[in-house]
Amino acid sequence: MAQILNPQRELGKTGVRVPLVGYGTAPLGKKEVAREHAVKCLNHAIDAGITYLDTSPDYGSEPHLGEVMRTRRNEVFLATKINKRSKEGVLDQLKESLRNLQTDHVDLIQVHAVNAWADLEEALAPDGAVVALEQARQEGLCRFIGITGHSRPEILALALRRYPFDTVLSALGFADHLVSGAENFVLPAAVENNTGVIAMKVLGHGNFQTRDLALRYSLGLPGVSLAIVGMDTPQHIDEIAGVAAGFSPLSRAEEQRLLDEVRPLVLKDAQESQKGESKLFWLHDTQVMGWKEKDEPVLVRY
């Protein structure tokens with residue numbers, strides 16, 4: 001077991017203690033990233049105490065994680081996702097992920113990117129994805145069931161009140177604070193139901209310069225267990241691990257500095273999004289994923 005250098009918090013009702021920072025492995029799934037480099041980064045992160053690993057079939061990083069899981073599975077909390085909204089095909093998708101990850105189970109499986117009301121209704125229907133995930137848990141393919149979403153925190157809040165999800169992965173960065181006030185929806189519902197809260201997009205998808213302040217803002221939100229951060233070099237991993245190790249809440253002056261940086265980015269992004277050139281793209285994500293399964297139009301903007 002790797003030495004835990006990263007401070008830890010409890011992940012809601014799961015009772016599992018997790019590091020303040022988790023590894024968002026999407027950057028490792030890029031085509032130009034070699035297996036050797038990805039494995040080096042993952043091992044470096046685990047050695048640094050970053051033992052929460054987040055992936056998805058969409059990222060392209062599951063096979064890289066699989067190479068590491070062959071020898072280090074018992075050292076980590078492993079989370080992946082499913083995109084399907086109906087029951088059909090969910091178990092097949094999860095089993096394919098398990099093959100790629102070279103393990104017989106994940107710790108957490110999440111209904112991914114629930115950004116429209118239609119998707120929540122379909123996922124929670126009697127023939128929805130959640131029923132399939134409950135079966136997966138009974139079969140020992142996963143330990144916990146979670147939900148994720150990007151731009152519509154009010155949907156996630158309702159989801160937590162309609163079904164006892166173990167975790168919620170929500171965009172809880174400073175840009176989300178300014179645009180959707182995500183913390184005002186997600187955190188009260190999570191506290192009410194003892195749901196583990198995982199923050200994402202905390203560094204503005206790499207667009208924030210004051211990364212230490214941005215990460216500390218999200219980690220300072222009441223009820224947040226950890227934040228997942230995309231990292232692509234050992235140096236970046238060390239930087240983020242260092243911020244977590246020395247975590248302290250933002251002072252008023254530091255929050256003002258963060259506001260002075262992020263507010264102009266949000267204003268510029270609002271203009272660019274009208275032209276389809278958004279860098280803070282998740283702020284506008286309203287895809288109805290359930291339609292995608294039926295080969296119907298997938299993008300609706302409200």
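Every read-out reported here was derived from the displayed coordinates using simple, explicitly stated rules and does not represent laboratory data. Just so we're clear, the structure is a prediction, and the values are computed from it rather than from any experiment. Here the Cβ positions follow ideal geometry from the backbone for every residue, glycine too, while neighbour counts run over all protein chains shown.
Sort out for me the Cα centre separation of the stretch 157-192 from the stretch 81-117, rounded to whole Å.
21 Å
List, in the order given, every pair from Lys31/Lys87; Lys40/Lys201; Lys13/Lys84; Lys31/Lys84; Lys31/Lys95 whose Cα-Cα distance in the structure shown is over 29 Å. Numbers along the way, then the final one.
Numbers: Lys31/Lys87 31 Å; Lys40/Lys201 24 Å; Lys13/Lys84 25 Å; Lys31/Lys84 24 Å; Lys31/Lys95 23 Å.
From Lys31/Lys87; Lys40/Lys201; Lys13/Lys84; Lys31/Lys84; Lys31/Lys95, over 29 Å: Lys31/Lys87.
Work out, step by step, the length gained on full extension between Glu272 and Val131: first 0.36 nm times the residue separation, then minus their alpha carbon distance; give nm to one decimal.
46.8 nm
Starting from the Kirkwood radius over alpha-carbon pairs of the stretch 121-246, derive D by Stokes-Einstein at 37 °C in a medium of 0.692 mPa s and give it in µm² s⁻¹.
Details: Rh = 15.5 Å.
Value of D from the Cα-based Kirkwood radius: 212 µm²/s.
With a 10 Å radius around each residue's Cβ, average the other Cβ atoms per peptide and rank 272-285, 153-166, highest first.
Numbers: 272-285: 15.2, 153-166: 19.5.
Highest-to-lowest ranking by the protection proxy: 153-166, 272-285.
Could you work out the relative contact order of the chain, using alpha carbon pairs under 8 angstrom and six or more residues apart, expressed as a whole percent?
Numbers: 607 pairs, mean separation 58.6, N = 302.
Across the chain, relative contact order equals 19 percent.
Could you work out how far apart the two model spin labels at Arg161 and Glu121 are, taking each label as a point 7 Å from the Cα in the direction of the beta carbon, and quote it in nm?
In this crude spin-label approximation the distance works out to 1.8 nm.
Cβ neighbours within 10 Å, averaged per peptide: list 249-256, 65-72, 167-174, 53-60 in order, most packed at the top. Present the calculation step by step, with values, prior to reporting the outcome.
Working: 249-256: 12.2, 65-72: 18.6, 167-174: 28.0, 53-60: 21.6.
Result, highest mean first: 167-174, 53-60, 65-72, 249-256.
To the nearest 500 deg cm²/dmol, what mean residue ellipticity at 222 nm is calculated for the chain from DSSP H runs of n ≥ 4 alone, each contributing -39,500 (n - 2.57), summed and divided by the residues? Before the final figure, lay out the partial values.
Values: 12 runs with 129 residues, N = 302.
Here the helix-only value at 222 nm equals -13000 deg cm²/dmol.
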